[in-house]
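Notes follow once the structure below has been shown.
Values quoted throughout were computed directly from the atomic coordinates according to the rules given, and no laboratory measurement underlies them. Keep in mind that this is a model prediction, so the values were computed, not measured. Note: ideal-geometry Cβ built from the backbone for every residue, glycine included; neighbour counts use all protein chains shown.
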């Protein structure tokens, strides 16, 4: 069930766009933040609000790596392995995260605290290698920086 606050946010967002369907991604992001993933209920509600078929919403979800059909951990680590990051050691950083968290790509720790995924680009090429944890960016990564991020998040 979506909250009343989210329904109000949906109304506000849809009213901002000259074409309702342009609100699909923002609606999905807000819903995902509340629900934890893009559920069937969310898909149906977004489709109804922007006057498209549910399959059109599902197609959008398939395109964007930041939209998830399954719940993620409380902290979702997204490590960029695109060319700039790769050239500066992103593959080693991603492997380090896998080992440190004890999970693989698109997995979540048993306690539900951390998820890990390899992503194509975060737009942080000048700070490569880079990762995003939820909405926070980390650049010029090293194993020590990864350890510090994980230790800090464990305290929360």
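Looking at the structure I just gave you, is residue 94 under 12 Å from the mean Cα position of the chain (by Cα) and crowded, with 16+ Cβ neighbours inside 10 Å?
Details: under 12 Å from the mean Cα position of the chain (by Cα): no; crowded, with 16+ Cβ neighbours inside 10 Å: yes.
So residue 94 does not fit the description; no.
Residues in segment 51-73 that are in contact (Cβ under 8 Å) with a residue 24 or more places away in the chain and surrounded by fewer than 17 Cβ atoms within 10 Å (Cβ to Cβ): 9 in all. The listed residues are 101, 29, 67, and the only one of them that is under 23 Å from residue 153 (Cα atoms) and more than 17 Å from the chain's Cα centre (by Cα) turns out to be 101.
Of the conditions (1) over 17 Å from the mean Cα position of the chain (by Cα); (2) under 29 Å from residue 153 (Cβ atoms); (3) without any contact (Cβ under 8 Å) to a residue 12 or more places away in the chain, residue 48 clears all except one; give me its number. Among (1) over 17 Å from the mean Cα position of the chain (by Cα); (2) under 29 Å from residue 153 (Cβ atoms); (3) without any contact (Cβ under 8 Å) to a residue 12 or more places away in the chain, residue 48 violates only (2). Does segment 75-83 contain at least one residue that is surrounded by fewer than 17 Cβ atoms within 10 Å (Cβ to Cβ) and out of contact with any strand residue (DSSP E or B) (no Cβ under 9 Å at 6 or more places or on another chain)? Checked segment 75-83: at least one residue is surrounded by fewer than 17 Cβ atoms within 10 Å (Cβ to Cβ) and out of contact with any strand residue (DSSP E or B) (no Cβ under 9 Å at 6 or more places or on another chain).
Checked against (1) surrounded by 13 or more Cβ atoms within 10 Å (Cβ to Cβ); (2) more than 30 Å from residue 144 (Cβ to Cβ); (3) within 17 Å of the chain's Cα centre (by Cα), residue 20 meets all criteria but (3).
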